[in-house]
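Take a look at the structure below.
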Amino acid sequence: IHGGSKVFPGAHPWQVSLQERDKGSSGGFGHICGGILLSSCSVLTAGHCISPNKEYQVVVGGVNILRQEEMDQTIPVLDVTVHENYRATPSAVYNDIALLKLKVTDSPYCAKETRFVKAACLPQQPFPAGKECVISGWGATEKNYSPQLLNARVFLISEERCKSPQIYGSALDQSMLCAGVLQGGVDSCQGDSGGPLVCEKDGSYFITGVVSWGHGCAFLNHLFACEMMSKFIDRHFKKMAHTCPELQ
Ligand code: 4AZ
């Protein structure tokens, strides 16, 4: 996150650190992407975060990814479903979304709800362009990768504006949403993708997008694109969409 601030534990209880290691390796897992806790046993992330021959785990609850913290819950990933039309091209990444199924660790729960761990609400209605929303992650900052979870306020940008030739032109497709700060200085960056763009309404935060791609980070007139994911969620969750699930 560029232009961000440190957050208190529990401020983004749906934030996930997605970590990988080589299959069969006994080494440690390393943070590669963000993710979003959708329910006790399911996490949403970006399709481009997933590669073959890797083993994954998620960590929820903590704010420092270099230390083991008391509020951490570390959970193995059992199964990964990348969007069937996921496609990376030089100009954009399409259908950049994946669903992770977590291992049941404390039957019937995978992640357990605490002050620090809670599922996000699924989108109920689209938010208008200009709405101030929030991104969070452990990705690159101006100086380094942040061991601490950071967040930043960004604005939703209209499709019309984001499709203008000065911004992303025809690279943008129907399932993408742009957000950012046109003056630059505030943005998601490498290591934040897969993480949440959430917008607040009536005291609840609704997942509005999964951070996906952008040209560079935090430049003037450079926004980032999110996958809007409603259709993908509807297909995989059926009746669960449009609710704020309780974990326990
Ligand atoms: C990335 O590499 C990435 N500034 C994510 C977001 C942005 C750029 C790169 C947007 O995952």
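The values are calculated or read from the model by the stated rules, or taken from the named source; none is laboratory data. This one's a predicted model, so the numbers in the text were calculated from it and none came from an experiment. All Cβ positions, glycine included, derive from the backbone under ideal geometry; neighbour counts span all protein chains shown.
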Considering each of Ala171, Ala179, Ala119, Ala140 in turn, give the residue that is in contact (Cβ under 8 Å) with a residue 60 or more places away in the chain and surrounded by 20 or more Cβ atoms within 10 Å (Cβ to Cβ). Ala119
Here are some residues: Ala92, Ala88. Which one is touching a residue at least 60 places away in the same chain (Cβ under 8 Å) and of a type in the set (A, V, I, L, M, F, W, C)? Ala92
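Identify all residues within the range 150-162 that are touching a strand residue (DSSP E or B) at 6+ places or on another chain (Cβ under 9 Å) and away from the ligand (no atom under 16 Å from the Cβ); write none if there are none.
Filtering the range 150-162 for residues touching a strand residue (DSSP E or B) at 6+ places or on another chain (Cβ under 9 Å) gives 150-159, 161-162.
Correct list: Ser158, Glu159, Arg161.
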Selection within the range 172-183 - among the small types (Gly, Ala, Ser) and modelled with pLDDT under 95: Ser175
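For the range 173-222, list the strands (runs of 3 or more DSSP E) that sit wholly inside it and hold at least 2 residues that are more than 19 Å from Leu149 (Cβ to Cβ); which are they?
Values: elements: 176-180, 196-201, 204-214.
Qualifying strands (runs of 3 or more DSSP E): 176-180, 204-214.
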Which one of the conditions (1) in a loop (DSSP other than H, G, I, E, B); (2) touching a Pro at 6+ places or on another chain (Cβ under 9 Å) does Tyr56 fail to meet, given that it meets all the rest? (1)
Restricting to the range 37-68, what's the tally of residues that are in contact with a strand residue (DSSP E or B) (Cβ under 9 Å, 6 or more places away or on another chain) and among the charged types (D, E, K, R)? 2
Enumeration of residues in the range 27-82 that are closer than 16 Å to Val117 by Cα, in contact with a helix residue (DSSP H, G or I) (Cβ under 8 Å, 6 or more places away or on another chain) and aliphatic (A, V, I, L, M): Leu38, Leu44
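Quick one: in the range 111-170, of everything that is acidic (Asp, Glu) and outside any loop (DSSP other than H, G, I, E, B), which residue is nearest to Ser5 (Cα to Cα)?
First, pick out the residues of the range 111-170 that are acidic (Asp, Glu): 113, 132, 142, 159-160.
From the residues that got through so far, the ones that are outside any loop (DSSP other than H, G, I, E, B) too are 132, 159-160.
Details: Glu132: 16, Glu159: 28, Glu160: 30 Å.
Step by step, filter the range 111-170, then rank; the result is Glu132.
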Among what's in the range 182-198 and is buried (at least 22 other Cβ atoms within 10 Å of the Cβ) and hydrophobic (A, V, I, L, M, F, W, C), pick the residue that is farthest from the ligand (Cβ to nearest atom). Val198
Collect the residues in the range 63-79 that are surrounded by 18 or more Cβ atoms within 10 Å (Cβ to Cβ), touching a Ser or Thr at 6+ places or on another chain (Cβ under 8 Å) and not in a strand (DSSP E or B), keeping them in residue-number order. Ile65
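Which of the strands (runs of 3 or more DSSP E) found entirely inside the range 1-50 contain at least 3 residues meeting this: of a type in the set (Gly, Ala, Ser)?
Values: elements: 15-22, 30-39, 42-45.
Where strands (runs of 3 or more DSSP E) fall fully within the range 1-50 and carry at least 3 residues being of a type in the set (Gly, Ala, Ser), they are 30-39.
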Has the range 91-100 got at least one residue that is at pLDDT below 95 and of a type in the set (Asp, Glu)? no
